[in-house]
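Participant: Supplied in structure tokens, the structure appears directly below.
The values are calculated or read from the model by the stated rules, or taken from the named source; none is laboratory data. All values reported here derive from a predicted model rather than from experimental measurement. In this analysis, Cβ positions are derived from the backbone assuming ideal geometry, glycine residues included, and neighbour counts consider all displayed protein chains.
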Amino acid sequence: MSKINFVMFIVGAAIGSVATWVYLKKHYEQIAQEEIDSVKAVFANRKSDINTKNKENDNKFKNVDRNLQPDLVGYAAKLQEHGYTNYSANSEKNNEKRKDDSMLDKPYIISPEEYGEITDYENISLTYYSDGILADDYDEIVDDIETTVGSDFADHFGDYEDDSVFVRNDRLRCDYEILKDYRPYSAIVNPRRHK
């Protein structure tokens, strides 16, 4: 009989364990579902609050007097009247002007910031001496100033910088940096004479 009692005890313990497991599973699933539902409720309330605030803001803007809202055309006219500039339109005009200049194949003055910005253009440094001679880095005189940098380049010293002028020649695909030297060219080529 002791074997039957032992088997009955084991069967009872197994049934009790299964019943406890099923009960606890349902209990914790219910707790988890309650938590999920409470989080959903909080977010639903927040969403409705946000929607309510958005509707209130929309109503505020709808109720603004239309006469108080600026007229865009009138605003643009006032900007032009007072001399404000549309910089993007000016840059387009400058680009068109440069295209026209490049079609003429004449060299033109550029700002120091523009010097070297076109990667496939060669950057060349020249020196302008006090006696009116323009020479390259090897002190060779530039013969054809008109088609290389333009005859009026010397008039532009001081436009951007006192001692330099920057010229772009689209025909030759070169940017020139012309540096002013206050010595005469002959002092560089024949330094013994000027001692």
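Participant: Under the condition of being in a strand (DSSP E or B) and not acidic (Asp, Glu), which residue from the stretch 154-177 is nearest to residue 126 (Cα to Cα)? Before you say what the answer is, go through the steps one by one.
Facilitator: Step one: filter the stretch 154-177 for residues in a strand (DSSP E or B), giving 161, 164-169, 174-177.
Retained after the next criterion (residues that are not acidic (Asp, Glu)): 164-169, 174, 176.
Details: 164: 10, 165: 10, 166: 10, 167: 11, 168: 13, 169: 14, 174: 12, 176: 7 Å.
Ranking the qualifying residues of the stretch 154-177, first place goes to 176.
Participant: Being free of Cβ contacts under 8 Å to residues at least 40 places away in the same chain and charged (D, E, K, R) narrows it down to one residue among 146, 114; which is it? Spell out the reasoning first.
Facilitator: Details: 114 fails: free of Cβ contacts under 8 Å to residues at least 40 places away in the same chain.
When all the criteria are applied, what remains is 146.
Participant: Tell me yes or no: at least one residue of the stretch 116-132 is at pLDDT below 90, in a helix (DSSP H, G or I) and not hydroxyl-bearing (Ser, Thr, Tyr).
Facilitator: Checking the stretch 116-132: not a single residue is at pLDDT below 90, in a helix (DSSP H, G or I) and not hydroxyl-bearing (Ser, Thr, Tyr).
Participant: While we're looking at this one, here's another question. Checking the structure you have, find out if any residue of the stretch 173-185 is farther than 19 Å from residue 112 by Cβ, of a type in the set (Phe, Trp, Tyr), at pLDDT 90 or above and surrounded by fewer than 12 Cβ atoms within 10 Å (Cβ to Cβ).
Facilitator: So far as the stretch 173-185 goes, yes, one or more of its residues are farther than 19 Å from residue 112 by Cβ, of a type in the set (Phe, Trp, Tyr), at pLDDT 90 or above and surrounded by fewer than 12 Cβ atoms within 10 Å (Cβ to Cβ).
Participant: Count, please, the residues in the stretch 141-172 that happen to be within 33 Å of the chain's Cα centre (by Cα), loosely packed, with under 12 Cβ neighbours inside 10 Å and not small (Gly, Ala, Ser).
Facilitator: Selection size over the stretch 141-172: 1.
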